[in-house]
Amino acid sequence: MKPWMSVRDVSFLTELFKLWHMTVFEWGSGGSTIYFKDKTRKWLSIEHDPLWYHRIKELGGNVLLCQNNKIYTNRGFGAFDVILIDGRDRNDCIYAADKLLFNDRSLILVHDGRRKHYHDAAQSFLWHRKVGDDFLVMSKKEPGGAVLEVLLKFGLRDFSEPSVPWDPEH
């Protein structure tokens, strides 16, 4: 199963996850969970929908899938290199993500970032931009090195610049 996102955004995540064996925390499991699970060291996904949860709960390997319809707070799983928000209550997830970051340069990625009602929450982070076709990216500090190179390769830009219309084939 492929993620329900543009080809460019799938390529962006693929290149990001190639940098090192990252730990990923995901709100809202789906095609991205299945597609990217073997490209990371650890993947913890929180899913609110009981039917979807039961359909994919046996992924195994480095994936831990939890069913929860509340905002998750760290319960001893450690900190994460990337927080991927692609589920319900995204603004609440953005605010809660701060407590789950591995360090000041860990990334928070919000899929469907073209939706302006996520921008205020994203701006609560010192560093926030758009990247790819449909991601908001945030961090406590500006990323550097190889991470910044990947972000720049996939069109890192300010919030003031328009989003690309979503096209799953792009």
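The values are calculated or read from the model by the stated rules, or taken from the named source; none is laboratory data. Worth saying up front: this structure is predicted, and the values here are computed from it rather than measured. Methodologically, a virtual Cβ is constructed for each residue, glycine included, from the backbone with ideal geometry; neighbour enumeration extends over all protein chains shown. The area values use the complete protein model at the heavy-atom level, side chains included, leaving out ligands, DNA and RNA. Shrake-Rupley method; radii C 1.70, N 1.55, O 1.52, S 1.80 Å.
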Seminar exercise, completed: In nm, the gap between the two label points placed 7 Å beyond Cα toward Cβ at Ile34 and Lys141 is 3.9
Exercise. So what are the radius of gyration and Dmax for the Cα set of the chain, in Å?
Worked result: 14.7, 42
Exercise. Under the rule of -39500 (n - 2.57) per DSSP H run of 4 or more residues, summed and divided by the residues of the chain, what mean residue ellipticity at 222 nm is obtained, to the nearest 500 deg cm²/dmol?
Worked result: -7000 deg cm²/dmol
Exercise. So, in nm, how far is label His48 from label Trp127 when the simple model puts each one 7 Å beyond its Cα toward the Cβ?
Worked result: 3.0
Exercise. Carbon and sulfur together cover what percent of the accessible area of the chain at a 1.4 Å probe radius?
Worked result: 51
Problem set entry | Fluctuation leader among Trp52, Trp27, Trp43 - the chain, Gaussian network, Cα springs under 10 angstrom | Trp52
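For region 1-117, what is the accessible area per residue in Å² when the probe is 1.4 Å? Intermediate values should be presented prior to the final figure.
Numbers: 5750 Å² over 117 residues.
Counting only protein heavy atoms, the per-residue value for region 1-117 is 49 Å².
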Exercise. Tell me, what ³J(HN,Hα) does each residue in region 23-29 have, in order and in whole Hz, if you take phi through Karplus 6.51 cos²θ - 1.76 cosθ + 1.60 with θ = phi - 60° and put x for Gly and Pro?
Worked result: 9, 10, 10, 10, 9, x, 6
Exercise. Using 0.36 nm per residue, how much length does the chain from Leu19 to Glu149 gain when fully extended, once their Cα-Cα distance is taken away?
Worked result: 45.7 nm
Seminar exercise, completed: One would report the antiparallel percent of DSSP beta bridges in the chain, rounded to the nearest 5, as 35
Exercise. Going down the table (Lys99/Lys141; Lys116/Lys153; Lys37/Lys153; Lys2/Lys39; Lys18/Lys116; Lys39/Lys141), which pairs top 20 Å between alpha carbons?
Worked result: Lys116/Lys153; Lys37/Lys153; Lys18/Lys116; Lys39/Lys141
